[in-house]
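Trainee: Structure in structure tokens, see below.
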Amino acid sequence: MYKNKTINYFLLVFLILNAPVLLAQKIVDSGANSAGFRFTTDLAETVPVIHYHQNIQMLSGIDDRPSLKVFGSGRVVVHFPVYMKKAGDYEMQLDDEELVDLIQTLSSNGVMDFDEDRVKKNIQSHKKALRAKGQFHEVSDAVVTSIDVRLDEYQKNRSAVKIKNFHKVFHLANIEHAAKKFKQDIDITNANNVVLDLKGLMRDVRLVKKSAGKK
């Protein structure tokens, strides 16, 4: 009997040590017109759910740029490079509702199915039309905006296909300038609305400075 207990004990230890790691998840069900998704809420998670940053081309030689990272735990990490007034790293915490609303906003504004190639072609077409009228002037110092979204699962709405290990990333130059010039382009306008929301998070009064910028 003692032998059986010993075997059972070691079997239990073996199963525990070899069991897959189960990470806590936030699950949001999709609706008729709203997105559903899953993401890991583990505090130790190192890959952000949302990563936003800007690359100023005239400063391309400096490997330091403004960025925002939002993790599944709700932790927000903001970085301002050394050449900016607020240089340094800042953090704050979003509650569950705020994080879900933020992801829903990205979805409703078309970020999850943003067609970068098509939008770039449309921008070129818009520019060509304005040049023909003598109404367009190119922006010399390009600012490339990047948005990267990662979810364990994403479903645009209840009737859409569920996408496992969802990953969407796009890069677009001078998106704010384009949104002002080409207001008729809903893809650009909506994407810029998201950029404005993310920039708003970077100015949130709850942000606490954690470290100085790189030197």
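Trainee: First select every other residue whose beta carbon is under 9 angstrom from the beta carbon of His167; then total the charges, Lys and Arg +1, Asp and Glu -1.
Mentor: +1
Trainee: To continue, here is another question. In the full protein assembly as shown, how much of Glu98 is accessible to a 1.4 Å probe, in Å² to the nearest 10?
Mentor: Its accessible surface works out to 60 Å², give or take rounding.
Trainee: Can you pick out the pairs among Lys69/Lys121; Lys26/Lys181; Lys120/Lys162; Lys120/Lys156; Lys26/Lys121 whose Cα atoms lie more than 32 Å from each other?
Mentor: Exceeds cut-off: Lys26/Lys181; Lys26/Lys121.
Trainee: Lys128 versus Asn165, label points 7 Å from Cα toward the beta carbon: distance in nm?
Mentor: My value for the distance between the label points is 3.9 nm.
Trainee: Could you pull out which residues in the range 174-215 have an amide N less than 20 Å from a spot 7 Å beyond the Cα of Leu43, following the Cα-Cβ vector?
Mentor: 207-211
Trainee: Give me the extension gain from Asp113 to Asp95: residue separation times 0.36 nm, minus the current Cα-Cα distance, reported in nm with one decimal.
Mentor: Length gained between Asp113 and Asp95: 3.9 nm.
Trainee: If you don't mind, another one. For Ser146, project a label point 7 Å along Cα to C-beta. Then give me every residue of the range 98-123 with its amide nitrogen under 18 Å of that point.
Mentor: Hits in the range 98-123 for Ser146 at 18 Å: 112, 114-117.
Trainee: For Lys128, Lys120, give the ranking by accessible area with the largest first, probe 1.4 Å.
Mentor: Output order, biggest surface exposure first: Lys128, Lys120.
Trainee: For Val49, what residues show an amide H to amide H distance below 5 Å, using hydrogens built from the backbone and excluding near sequence neighbours?
Mentor: Here Val70, Phe71, Gly72 satisfy the definition.
Trainee: Separate question: Cα centroids of the range 173-215 and the range 22-56: how far apart, whole angstrom?
Mentor: Taking the Cα centre of each part, the range 173-215 and the range 22-56 sit 19 Å apart.
Trainee: Right, next: What net charge is computed for the residues neighbouring Ile188, neighbours being all others with C-beta under 13 Å from the C-beta of Ile188, Lys and Arg scored +1, Asp and Glu -1?
Mentor: +2
The values are calculated or read from the model by the stated rules, or taken from the named source; none is laboratory data. As the structure is a prediction and not an experimental result, all values here were calculated from the model. Every residue, glycine as well, gets a Cβ built from its backbone with ideal geometry; the counts of neighbours run over all protein chains shown. Ligands, DNA and RNA are stripped out before the accessible areas are found, and what is left, the full protein with its side chains, is counted by its heavy atoms. Shrake-Rupley method; radii C 1.70, N 1.55, O 1.52, S 1.80 Å.
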